[in-house]
Amino acid sequence: MKFGVVRFPGSNCDDDCYHVAKNVLGIETDYLWHKDTKPLSEYSCIIIPGGFSYGDYLRPGAIAKFSPIISSIKEFADKGGLIIGICNGFQILLESGLLEGVLIRNKNLNFICKDVYIKVENKNTPFSKTEKNILKIPIAHKEGCFYCDESLLNKLKSNNQIVFRYCDENGDITEKVNPNGSLYSIAGICNEKGNVLGMMPHPERCSEKILGNEDGRQIFQSIIDYLS
Amino acid sequence: MSEITLEVAIEHGLKVEEFEKIIEILGRKPNLTELGIFSVMWSEHCSYKSSRVHLKKFPTKAPWVIQGPGENAGIIDIGEGYAVAFKMESHNHPSFVEPYQGAATGVGGILRDIFTMGARPIASLDSLRFGEPDNERTKYLLKGVVSGIADYGNCIGVPTIGGEIYFDKCYNGNILVNVFSLGLVKKDKIFYGYAGGVGNPVIYVGSKTGRDGIHGCSLLASDEFDEKSEEKRPTVQVGDPFTEKLLLEACLELFQHDYIVGIQDMGAAGLTSSSVEMAGRAGTGIFMDLDKVPLREKGMTPYEIMLSESQERMLIVAKKGYEDKVLEIFKKWDLDAVIVGHVTDDGFLTLKYNGEICAKIPVKYISDEAPVYNRPYEKPDYIEKVNNLDKNGIPEPDDYNEILKKLLGNLNIANKKWVYEQYDHMVRINTVVLPGSDAAVIRIKGTKKGVAMSSDCNSRFCFLNPKRGGMIAVCESARNVACSGARPKAITDCLNFGNPEKPEIMWQFKESVEGIAEACKILDTPVVSGNVSFYNETSGVPIYPTPTVAMVGILDDVNQHITQWFKDENDVIVLVGKQNEELGGSEYLAYIYNIIKGPIPEIDINYEKRLINALLEMNENGLIKSAHDISEGGLAVALAECCITGKKLIGAKVELNVEKASAALFGESQSRIIISCDESNLNKIKEIADKYNIDFLRLGVTGGKELKINNLININIIELKEIYFNAFDNYLKKI
């Protein structure tokens, strides 16, 4: 089992994802430079980390989708490889067409960094066979408000592609606990095949006891269990 | 080129005698480029000409200090092969003129100061001061500064984990934006700003040079404001955090190798200060061909190129023969990197432009022999008038509950989550104690260590008594760090004052510096870096003296960190330290009665030292569950914070002897810490307090749904929590 963490210029959660994969979970892990064009066949899971690829000056992920590594990632996805995009990684997956929908500016227009609760809506993906149904995971973004038209929302629902939704600590989903105004409180979705996941919350930020919360680790553990 | 006259020199902010000295040094009149170079290097901001004689009073050495003042940042050893580099800097004037870019480039500048030493920045703090909340510009400035810090820090991926925000009318015309950053470096991988080795290539890397920020340091930061200050907006630089992120990663990659002899960021005074200071430290000269400097627009003159403060640029002195290796790394990160010159042995800064020499100045005269002023100082008249408080003449309030609620909803005391939730305070996954406790704590991956940091300054205290105010700033930041379980080790400071040419301002400065120096000596926490910001005056009205202190402390075992809030019901609440009933200088007097009067609280630094040592010993023995420093708002506010800032809301029932209730509840006596513990540990805690000769007072127990203090205070803690956490939102919603 081998993980790859993609580095775009402006990625800033690359070291965090690498640390959790390699040092916390003990998985062999490589950094992958965005200009690389080699096939990714030696990897079992690709992590596209958070950050501000190309400064996010145009639109988050809009320039990153032109990086050479994106075509290898698409090929990897077509072959059924696991890909998890976190925060800016989610934005990049949407811009590259590996997932459907858009992420727009948070409802309050500000960057928000805080702990939120998410409910696991679909436990049947490689990423979400978690012990708990409700996870406490921090968010840290300015453009995290998920949006799509009604037909796509219906499709996401009927295909069980909605994996995580914002909720309160008891699992109740209300507008009050929807931190960024996301449609249907969507915090994470997958593709139809279920091998590509995008999520706004940062599981790598809560995978160690010293940080006071290990809920995020359950997502990585789910991936490892699936691959083992 | 037209003749340089005295008038032109004065327009550059130089004094008559300074212009004469330039002519004496050169043996001729300077040309415009040379005049520009002298004017920025001899500006107050770059030369510390008014402050230097006093800054020498600071203790700067200790066995753990690797680098003291004089470099881009101070460095201390934290053990296990690692060191931390840190510094605080002001960006006050630019932030007042253009809050978003001013604050953003403040962050960018301090981060470069850290990574130029070879350290990866891993945490920032921001100490911000604004005018009165109701002042028409305050909200605009607050929103602009906070989003400027957020957008820059978040993008580059350095967590902003704490700081402070105060509002006071003394800042109506001059806000303060003091930015602190701390970086981690392996002890054997530290780099310096040093242009050694004759013939070594000088390499320019990063953003192209544009016309922004010219004279930012000399005309903007080294003069008072007046009604025309808006016109100075073009002197504010524009930040590009993405380019800085590339520059950071490229530099850190470069530092893995042995290709360079020195590196320095182009901050204030840009290419001028970086080249001159590096050559100055090495005792060498530098030759640069300005035609090679990457430019943002055509037709820039040598004067503009040398004085531009365009952001995200660094100057590197590489080892001869390794140029290509250096250039290759920057190419990988899509950054400009160009050889612009070389190190010489003649001791001159020599500049070529259009094939001709356009400036030639002896380096040591611009760097080391800048003018130094021992400016006259005089105790201002106001000091006597404001230090005659008759405590007993202050009436007791009818309802102490109402006062406590008002104080908790006061923006100077209320929770700052509106601010810190806009900052990414978790990226790099080291933040062990998040914003909202006494000090923020980060872990150092791969070691057992933790680093705690806190920035503090009560400027009202400093106004009323600058020397004692300076001592208190150091003691409070040390206490905050200790309240997180860390041992205070060293400080950096940012000394914000009015116009130093006025004797009463110079007196405030001298007194504050002496206070800080004395406290640092006794607490054994040397000053390793810092910054002075003068001329914080508008139309002749100065700010309160504001010497902001940022203390850095070390936890040998990060698992032993503590937080301020109560953890369990039925724990014992103890006050360690002296419960004096002092009211002078308090937030209570200022906010409720609009009285700004001293005497400010007493401070005994030796007592403070014993208190900190006692607290750390209690914590290291696992005896305490929480620790919280008592500061603005006094005992009552501190107890409320213990009840409402944790995950669980826990009430408290407290009984203590009081003489003057308002002073007991809301007075701000120093060297006091509220701790909570299991009843079974109480005797051991008392033994430690006795051993260090520290006062120990059992206050009561935790539990219930109210905060009760004698028969004075009895309020539901949910109500307190709502007031405390919603004050900022409510203020910003109000139109």
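The values are calculated or read from the model by the stated rules, or taken from the named source; none is laboratory data. Since the model is a prediction, treat every value here as computed from it, not as a measurement. We place every Cβ from the backbone using ideal geometry, glycine too, and count neighbours over all the protein chains shown. The protein model used for the area step is the full one, side chains on, heavy atoms only, and it has no ligands, DNA or RNA in it. Shrake-Rupley method; radii C 1.70, N 1.55, O 1.52, S 1.80 Å.
The mean count of C-beta atoms from other chains within 10 Å of the C-beta of residues in B:426-439, rounded to a whole number, is 5.
If the segment from residue B:501 to residue B:368 were pulled out straight at 0.36 nm per residue, it would be longer than the present Cα-Cα gap by 45.7 nm. For region A:100-149, the number of Lys pairs separated by eight or more positions or lying on different chains, with C-alpha atoms closer than 22 Å, is 12. The distance between label points at residue B:390 and residue B:729 comes to 4.6 nm (points 7 Å beyond Cα on the Cα→Cβ vector). Residue separation of residue B:345 and residue B:719 scaled by 0.36 nm, minus their Cα-Cα distance, works out to 127.6 nm of gained length. The calculated FRET efficiency for residue A:37 paired with residue A:100, based on their beta-carbon distance and R0 = 41 Å, is about 0.95.
Taking 19 Å as the straight-line reach from the Cα of residue B:691, the lysines in range (excluding those fewer than 8 positions away in the same chain) are B:578, B:609. Between residue B:17 and residue B:132, the FRET efficiency from the beta-carbon distance, with R0 = 56 Å, is close to 0.90. When the accessible areas of B alone and A alone are added and the area of the pair subtracted, with a 1.4 Å probe, the result is around 2600 Å², both sides summed. The residues packed around residue A:213, meaning those with a beta-carbon under 12 Å from its beta-carbon, carry a net charge of +1 if Lys and Arg are +1 and Asp and Glu are -1.
Straight-distance candidates among the aspartates and glutamates for linking to residue B:660, with alpha-carbon spacing under 16 Å and chain neighbours fewer than 8 residues away dropped: B:390, B:396, B:398, B:399, B:581, B:582, B:668. Just so you know, the Rg over Rh for chain B is 0.99, from Cα atoms, with Rh as the Kirkwood radius. If the reach is capped at under 19 angstrom between alpha carbons, list the aspartates and glutamates near residue B:298, excluding any in the same chain fewer than eight residues apart. Residue B:298 reaches B:212, B:289, B:309, B:336, B:356. Could you report the accessible area of residue B:698 in Å², rounded to 10, computed with a 1.4 Å probe on the protein chains as they sit in the structure? Its accessible surface works out to 100 Å², give or take rounding.
The gain in end-to-end length when the residue B:447 to residue B:24 segment is fully stretched comes to 146.7 nm, 0.36 nm per residue minus the alpha carbon separation. Its Cα gyration tensor gives the protein assembly as shown an equivalent ellipsoid. The semi-axes, each the square root of 5 times an eigenvalue, are 42, 41, 24 Å from largest down. Surface analysis of chain A yields an accessible area of 38 Å² per residue, using protein heavy atoms and a 1.4 Å probe.
The helix-only estimate of mean residue ellipticity at 222 nm for chain B, built from DSSP H runs of length n ≥ 4 each weighted as -39500 (n - 2.57), is -10500 deg cm²/dmol after division by the residue total.
Among the residues of B:151-158, the average count of other protein chain beta-carbon atoms within 10 Å of the residue beta-carbon is 5. Using a Förster distance of 41 Å, how high is the FRET efficiency between residue A:170 and residue B:655, based on the Cβ-Cβ distance and rounded to 0.05? After rounding to 0.05, the efficiency reads 0.65.
Of the residues A:196, A:159, A:126, the one whose Cα sits farthest towards the positive end of the charge dipole of region A:2-227 is A:159 (charges of +1 on Lys and Arg Cβ, -1 on Asp and Glu Cβ, taken about the Cα centre).
Average projection, convex hull of the Cα set of region A:2-227: 11.0 square nanometres. The mean sequence distance of close C-alpha pairs (under 8 Å, at least 6 residues apart), as a share of the length of chain A, puts its relative contact order at 20 percent.
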